[in-house]
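Novice: Okay, handing you the structure first.
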């Protein structure tokens, strides 16, 4: 049960049982309640409520500045999904931030057309003027800087996005003008919301040395053979022994008579 819901109110808060979530208290619960009608309207647009995951994540980021662990848990709770499903989706898209970022997200294209038209010099100039590198945020929390893949504006290279708005034909002069306008509060693009001060980087480092539940007790969880079968041949033989296997795959499965279970491939 959600300890923050009453019999007269909808169950809108982050469930207390959600593992790994550090509650933000009533402020976050109030935001969930406030966004409830918009979330409901988004869900109503789809036959399958899960299809509303991305629009709702955008909505939370718009109001929180990033998609926090609390936001992920709230989305999962509303859509009847696990937090892991929501996090795996949010982490796939570079348009979502899982840590607080600057008020202006500066994303310079580093793909071929832009590089041929001077993007390398522009990127170096940004790093010099801001005093930060790729995936870093300035100390005052105003700018986050990223060098990104193709922004699909090759005819107007070099280009960039600022809070997802396009800017073309970049030069050192117009970079100076844009940075001055953002610092002066006169820039034409609305700054991002900041509900929490950003750190030096918003890059999420994956924890090393841990295994998922399915990999516990397995010598090499990346090998299909499983425990005691480093070659994977035992698992392959099990598949081939299944009469229905050929009907379930378009891949050609060929027996290799020279290999025996337990032997390494190529040895």
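Novice: Could you count how many residues in the stretch 37-81 are assigned to a loop (DSSP other than H, G, I, E, B) and over 13 Å from the mean Cα position of the chain (by Cα)?
Specialist: To start, the set of residues in the stretch 37-81 that are assigned to a loop (DSSP other than H, G, I, E, B) comprises 45-48, 65-68, 80-81.
Adding the requirement that they be over 13 Å from the mean Cα position of the chain (by Cα) leaves 45-48, 65, 80-81.
Total meeting the criteria: 7.
Novice: Could you list, in sequence order, all residues of the stretch 177-214 that are outside any loop (DSSP other than H, G, I, E, B), modelled with pLDDT under 95 and more than 18 Å from residue 87 (Cβ to Cβ)? It would help to see each step written out before you state the result.
Specialist: Looking only at the stretch 177-214, we keep the residues that are outside any loop (DSSP other than H, G, I, E, B), and these are 177-184, 201, 213-214.
Now narrow it down to the ones that are modelled with pLDDT under 95: 201, 213-214.
The one that is outside any loop (DSSP other than H, G, I, E, B), modelled with pLDDT under 95 and more than 18 Å from residue 87 (Cβ to Cβ): 201.
Novice: Is it the case, given these coordinates, that residue 62 is under 27 Å from residue 137 (Cα atoms) and either at pLDDT 90 or above or exposed (fewer than 14 other Cβ atoms within 10 Å of the Cβ) (or both)?
Specialist: Working: under 27 Å from residue 137 (Cα atoms): yes; either at pLDDT 90 or above or exposed (fewer than 14 other Cβ atoms within 10 Å of the Cβ) (or both): yes.
So residue 62 passes the test.
Novice: Name the strands (runs of 3 or more DSSP E) wholly within the stretch 136-176 that hold at least 2 residues that are in contact with a strand residue (DSSP E or B) (Cβ under 6 Å, 6 or more places away or on another chain) and surrounded by 13 or more Cβ atoms within 10 Å (Cβ to Cβ)? Break it down into steps so the answer makes sense when it comes.
Specialist: On the way: elements: 143-148, 160-162, 165-167.
Fully inside the stretch 136-176 and qualifying: 143-148, 160-162.
Novice: Touching a helix residue (DSSP H, G or I) at 6+ places or on another chain (Cβ under 7 Å), at pLDDT below 95, over 28 Å from residue 133 (Cα atoms) and assigned to a helix (DSSP H, G or I), is that true of residue 84?
Specialist: No, not satisfied.
The values are calculated or read from the model by the stated rules, or taken from the named source; none is laboratory data. Quick caveat, the model's predicted, so the values are computed rather than measured. Quick reminder, even Gly has a Cβ in these numbers, built from the backbone with ideal geometry, and neighbours come from all protein chains shown.
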